[in-house]
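Report on the following structure.
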Amino acid sequence: MVQHSPIDAAHRALGAKMGAFGGWEMPISYPAGTLAEHAAVRERVGLFDVSHLGKIRLRGDGLGLLERVMTNRMADLPPGRARYGLVCNERGGAIDDLIAYVIDADDVLVVPNASNRDAVAEVLRAHATSDVEIEVVDATTFAIQGPASKEIVESLHPVTKGMPYMGIVVDGSTTIARSGYTGEWGYEIFTSNDDAVAAWDALRVAVGDAGGEVCGLAARDTLRLEMGYPLHGNDLSPEITPLEAGLDFAVKLEGRDFPGADALRAHTPARALIGLRAEGRIIPRHGCRVLRDGVDVGEVTSGTLSPTLRQPIALALVSADAASAGMLEIDVRGKLGTFEVVDPPFVDASPRREPRI
């Protein structure tokens with residue numbers, strides 16, 4: 001059964017192009033178009049409905065449970081802070097990557113990707129003890145991203161002033177995190193479905209007044225790819241380990257035991273996720289083959305024409321020895337394009353950097 005956002009009618013009234021995503025029908029773009037939406041986030045501000053993201057609430061010793069399940073260390077995470085990590089299978093493959101937000105010592109919000117919510121909940125339940133209550137919750141989530149987001153959110157929610165990156169605060173019935181998936185300064189806002197329309201309208205008016213745009217998931221994808229952020233189902237999967245995907249910073253193995261820990265300890269990656277950038281105009285897409293001197297060495301996992309750089313960019317999973325090559329080729333429907341191996345991000349952006357405006 002396809003799910004819809006609580007503000008589905010508002011999207012349609014704005015002329016959104018809707019499409020399937022992770023079991024939901026969500027806005028892909030609006031009449032301004034993906035390029036304008038992308039530019040608004042990089043230069044001013046954009047507003048996304050990301051209610052398709054999963055929400056799992058852990059009450060009780062949730063941090064103890066996450067310490068037993070996630071690749072990143074979680075036991076030392078204080079209230080008011082969030083941390084990125086992964087849930088793996090016993091082979092070390094990524095079931096999902098997610099963020100855990102500590103609202104209080106005994107109240108943790110876990111936000112997995114839409115299509116992986118139930119798989120993550122199953123792993124959590126399998127490792128839970130009686131002192132943890134696990135609830136899959138239904139809530140609305142908005143992301144406001146871009147340099148002007150700071151002024152807007154601080155005006156609507158003064159409690160957010162001074163929030164650190166990956167911080168989280170509660171303002172009445174609204175939970176606000178300084179996080180996102182675009183590489184810009186931004187926030188993710190969790191509210192009840194009953195309050196969704198009012199919250200959306202307030203944010204949309206403020207974004208419009210700041211010269212921003214409402215944005216669909218197509219712009220969210222081009223923005224995250226410019227940062228080199230992995231997308232589960234493309235750049236991550238149960239067959240791809242976090243070490244292959246270059247997510248070593250989120251894997252803490254010393255003195256810990258979680259699903260896949262032993263496999264990751266014994267794992268010497270034979271593949272690596274790399275960035276590729278072209279001077280030409282051949283645009284790579286997911287599944288295109290990557291070649292080195294005519295020999296197949298891997299495949300593109302995500303690719304696009306960067307709206308900011310106006311250059312084709314890609315993430316690709318290639319053999320470890322090919323990852324150190326200076327140049328590689330990509331076969332795009334029989335046409336070969338030459339690409340430079342680069343370290344993402346592809347653009348000069350950071351969610352930690354003070355807004356430019």
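Working only within the stretch 115-142, note down all residues that are within 22 Å of Leu236 (Cβ to Cβ), surrounded by fewer than 20 Cβ atoms within 10 Å (Cβ to Cβ) and touching a Gly at 6+ places or on another chain (Cβ under 7 Å).
Within the stretch 115-142, Ser115 is the sole residue that qualifies.
Among the candidates Asp61, Asp97, Asp107, single out the residue that is closer than 19 Å to Leu236 by Cα and among the charged types (D, E, K, R). Walk me through it before giving the result.
Details: Asp61 fails: closer than 19 Å to Leu236 by Cα; Asp107 fails: closer than 19 Å to Leu236 by Cα.
The match here is Asp97.
Among Val332, Val318, Val300, Val341, which is the only one that is buried (at least 17 other Cβ atoms within 10 Å of the Cβ), modelled with pLDDT of 95 or more and either of a type in the set (Gly, Ala, Ser) or in contact with a helix residue (DSSP H, G or I) (Cβ under 8 Å, 6 or more places away or on another chain) (or both)?
Numbers: Val332 fails: either of a type in the set (Gly, Ala, Ser) or in contact with a helix residue (DSSP H, G or I) (Cβ under 8 Å, 6 or more places away or on another chain) (or both); Val318 fails: either of a type in the set (Gly, Ala, Ser) or in contact with a helix residue (DSSP H, G or I) (Cβ under 8 Å, 6 or more places away or on another chain) (or both); Val300 fails: either of a type in the set (Gly, Ala, Ser) or in contact with a helix residue (DSSP H, G or I) (Cβ under 8 Å, 6 or more places away or on another chain) (or both).
Among Val332, Val318, Val300, Val341, only Val341 is buried (at least 17 other Cβ atoms within 10 Å of the Cβ), modelled with pLDDT of 95 or more and either of a type in the set (Gly, Ala, Ser) or in contact with a helix residue (DSSP H, G or I) (Cβ under 8 Å, 6 or more places away or on another chain) (or both).
For the stretch 205-222, what are the residues that are within 22 Å of the chain's Cα centre (by Cα) and over 27 Å from Gly303 (Cα atoms)?
Selection gives Val207 alone.
So which residues in the stretch 44-100 are of a type in the set (A, V, I, L, M, F, W, C) and either over 25 Å from Arg224 (Cα atoms) or not in a strand (DSSP E or B) (or both)?
The initial filter retains those residues of the stretch 44-100 that are of a type in the set (A, V, I, L, M, F, W, C), namely 45, 47-48, 50, 53, 56, 58, 63, 65-66, 69-70, 74-75, 77, 82, 86-88, 94-95, 98-100.
Answer for the stretch 44-100, where residues must be of a type in the set (A, V, I, L, M, F, W, C) and either over 25 Å from Arg224 (Cα atoms) or not in a strand (DSSP E or B) (or both): Val45, Val50, Leu53, Leu58, Leu63, Leu65, Leu66, Val69, Met74, Ala75, Leu77.
Which one of these is free of Cβ contacts under 8 Å to residues at least 60 places away in the same chain, under 23 Å from the mean Cα position of the chain (by Cα) and crowded, with 23+ Cβ neighbours inside 10 Å: Ile189, Ile168?
Working: Ile168 fails: free of Cβ contacts under 8 Å to residues at least 60 places away in the same chain.
Matching residue, one of Ile189, Ile168: Ile189.
Okay, residues lined up against (1) under 18 Å from the mean Cα position of the chain (by Cα); (2) over 22 Å from Leu243 (Cα atoms):
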site: Ser306; (1), (2): yes, yes
site: Ser324; (1), (2): no, no
site: Leu328; (1), (2): no, no
site: Phe339; (1), (2): no, yes
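Please count how many residues of the stretch 110-132 are touching a residue at least 40 places away in the same chain (Cβ under 8 Å), aliphatic (A, V, I, L, M) and assigned to a helix (DSSP H, G or I).
Number satisfying all stated conditions: 5.
For residues in the stretch 344-357 being surrounded by 14 or more Cβ atoms within 10 Å (Cβ to Cβ) and among the aliphatic types (A, V, I, L, M), which is farthest from Leu225 (Cα to Cα)?
Among them, the one singled out is Ala349.
Which of the residues spanning the stretch 1-43 are over 14 Å from Glu213 (Cβ atoms), at pLDDT 95 or above, assigned to a loop (DSSP other than H, G, I, E, B) and not polar (S, T, N, Q)?
Selection gives Pro6, Ile7.
Would it be correct to say that Gly33 is assigned by TED's automatic domain parsing to the domain that holds Thr175, surrounded by fewer than 17 Cβ atoms within 10 Å (Cβ to Cβ), within 29 Å of Leu309 (Cα to Cα) and small (Gly, Ala, Ser)? Can you show your working first?
Values: assigned by TED's automatic domain parsing to the domain that holds Thr175: yes; surrounded by fewer than 17 Cβ atoms within 10 Å (Cβ to Cβ): yes; within 29 Å of Leu309 (Cα to Cα): yes; small (Gly, Ala, Ser): yes.
Yes, satisfied.
Look at Ile95 and say whether it is within 18 Å of the chain's Cα centre (by Cα), of a type in the set (Val, Ile, Thr) and either within 26 Å of Gly255 (Cβ to Cβ) or at pLDDT below 95 (or both). Steps first, please.
Values: within 18 Å of the chain's Cα centre (by Cα): yes; of a type in the set (Val, Ile, Thr): yes; either within 26 Å of Gly255 (Cβ to Cβ) or at pLDDT below 95 (or both): yes.
Yes.
Can you list residue pairs whose Cβ atoms sit under 9 Å apart, with the first residue in the stretch 271-283 being among the polar types (S, T, N, Q) and the second being surrounded by fewer than 19 Cβ atoms within 10 Å (Cβ to Cβ)? Count only pairs 6 or more apart in sequence or on different chains.
From residues that are among the polar types (S, T, N, Q), there are no pairs.
Listed residues Val169, Val197; which is modelled with pLDDT of 95 or more, of a type in the set (A, V, I, L, M) and assigned to a strand (DSSP E or B)?
After applying the criteria, what remains is Val169.
The values are calculated or read from the model by the stated rules, or taken from the named source; none is laboratory data. From a predicted model like this one, the values you see are computed outputs, not experimental measurements. Ideal geometry is used to build each Cβ from the backbone, glycine not excepted, and the neighbour counts take in all protein chains shown.
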